[in-house]
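The values are calculated or read from the model by the stated rules, or taken from the named source; none is laboratory data. Remember, predicted model here, so these are calculated numbers, not experimental data. Neighbour counts run over all protein chains shown; Cβ positions are idealised from the backbone, glycine included.
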Amino acid sequence: MITISTKINPESISQAAKIIREGGLVAFPTETVYGLGANALDSEAVRKIYEAKGRPSDNPLILHVSSFEQASELVYMNNVAEKLIAKFWPGPLTLVLPAKEIVPLSTRGGLETAAIRMPDNPVAQALIKASGVPIAAPSANISGRPSPTDFESVYNDMNGRVNMILDGGKVDVGIESTVIDVTNPEKILMLRPGGMPRELIENVLDAKLYFPDETSKKRSPGTRYKHYAPNIPVVIWRKSKNFPEINNAAYMGVHDVDCNCAGKIIFPDINSYAHGLFAGFREFEAKNFACIIVEWPEGDSGVSEGLRDRISRAAGEK
Ligand code: AMP
Ligand code: MG
């Protein structure tokens, strides 16, 4: 397959929308990471997403919408969902709700629920509007690899596998959306921490989010698989512990360390760490370092919970 890579302008958006309508694949920027999009209502187009990524077909996709009305056509809303949508959309918060018939089983991994989100990115919104359909879009990387946060990373993984890549430069957040299950308004489940901090959600609801039990975990199959990993080992370092002595290792974190590291990225704060994590993984693996030592992010505020999730999965600790 020939992949068209293009800068963003009105012509490339309408060309991309045409590809989506005709059942093809378009990689596009969102505020979290780059997405690999197809018409969410077209089973055959959705099948191509799984094929291009090598993604297990029971791992459901998030449907991206450009309006509340469009979301209401896909799922049965409730008061909690409406409240969260009013507060946080567009933004990095994905809601799992009972699916309407119109959502093909392949898009929702055979589940009775569907995951919906409105991305806070003008390119993503323009593409969804121009396509006239909801766009199913997992991250635009080969399954298991670090998510792409810039055009080059998408190109490296997806050239020849998709019809078009829209080059929107670097994304804003750098890790994926927070996914919560609001099917039962009395017991809202945190399925995946991410770009929307838990504390903001809990403040709006004036309630705590629950951790899913084993049954609910089965309902969110994506959380089972190995994820986000570069092709060299990721080693976690906690600041209270001795720094590991490993030859030809690279390091990244918010605290500088006195080490013989072959590569180093020091981030000014936790948001920059989340923003640069996956790009750092890709940069260090390209340099063939022995491993990547990552600082374990402490604290409960902001994206630290999401960042810890990505780091522990990349290191194979879950
Ligand atoms: P990704 O597309 O890789 O960002 O992953 C999407 C995440 O949303 C995965 O963890 C999925 O398991 C989860 N997800 C998508 N749809 C559903 C659903 N209907 N129920 C529960 N989790 C879902
Ligand atoms: Mg992904």
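Descriptive notes on the structure:
- Of all residues in region 129-165, those satisfying the criterion of being of a type in the set (A, V, I, L, M, F, W, C) and more than 16 Å from ligand 1 (Cβ to nearest atom) are A130, V133, F151, M164, I165.
- Subset of region 159-170 that is surrounded by fewer than 24 Cβ atoms within 10 Å (Cβ to Cβ) and not charged (D, E, K, R) - its residue that is farthest from Y34 (Cα to Cα): G160
- P104 closer than 18 Å to A45 by Cα, over 16 Å from the mean Cα position of the chain (by Cα), away from ligand 2 (no atom under 16 Å from the Cβ) and buried (at least 22 other Cβ atoms within 10 Å of the Cβ): no
- Of the residues S147, S131, S139, the single one that is away from ligand 2 (no atom under 15 Å from the Cβ), in contact with a Gly (Cβ under 9 Å, 6 or more places away or on another chain) and at pLDDT 95 or above is S131.
- Hits in region 180-200 - residues which are out of contact with any helix residue (DSSP H, G or I) (no Cβ under 8 Å at 6 or more places or on another chain) and within 10 Å of ligand 1 (Cβ to nearest atom): T183
- Subset of region 42-90 [within 19 Å of the chain's Cα centre (by Cα), within 15 Å of ligand 1 (Cβ to nearest atom) and part of a loop (DSSP other than H, G, I, E, B)]: G54, R55, P56, S57, D58, N59, P60, L61, V65
- So D120, is it assigned to a loop (DSSP other than H, G, I, E, B), more than 16 Å from ligand 2 (Cβ to nearest atom) and touching a Pro at 6+ places or on another chain (Cβ under 7 Å): yes
- Here is the figure for region 98-111: residues that are more than 8 Å from ligand 1 (Cβ to nearest atom) and assigned to a loop (DSSP other than H, G, I, E, B) total 9.
- Residue among I311, I292 that alone is within 14 Å of Y228 (Cβ to Cβ) and under 21 Å from the mean Cα position of the chain (by Cα): I311
- Looking across region 16-39, the residues that are in contact (Cβ under 8 Å) with a residue 60 or more places away in the chain, farther than 12 Å from S139 by Cα and either over 20 Å from the mean Cα position of the chain (by Cα) or more than 16 Å from ligand 2 (Cβ to nearest atom) (or both) come down to A16, A17, I19, I20, R21, G24, N39.
- For region 66-83, filtering for residues that are buried (at least 21 other Cβ atoms within 10 Å of the Cβ) and under 29 Å from G302 (Cα atoms) leaves 4.
- Residue among A99, A86 that is farther than 18 Å from R282 by Cβ, surrounded by fewer than 19 Cβ atoms within 10 Å (Cβ to Cβ) and free of Cβ contacts under 8 Å to residues at least 40 places away in the same chain: A86
- Filtered by the rule that a residue be within 15 Å of ligand 2 (Cβ to nearest atom) and not hydroxyl-bearing (S, T, Y), region 150-160 gives V154, D157, M158.
- Those strands (runs of 3 or more DSSP E) of region 125-215 in which 2 or more residues are over 30 Å from Q15 (Cα atoms) occupy 178-181, 189-192.
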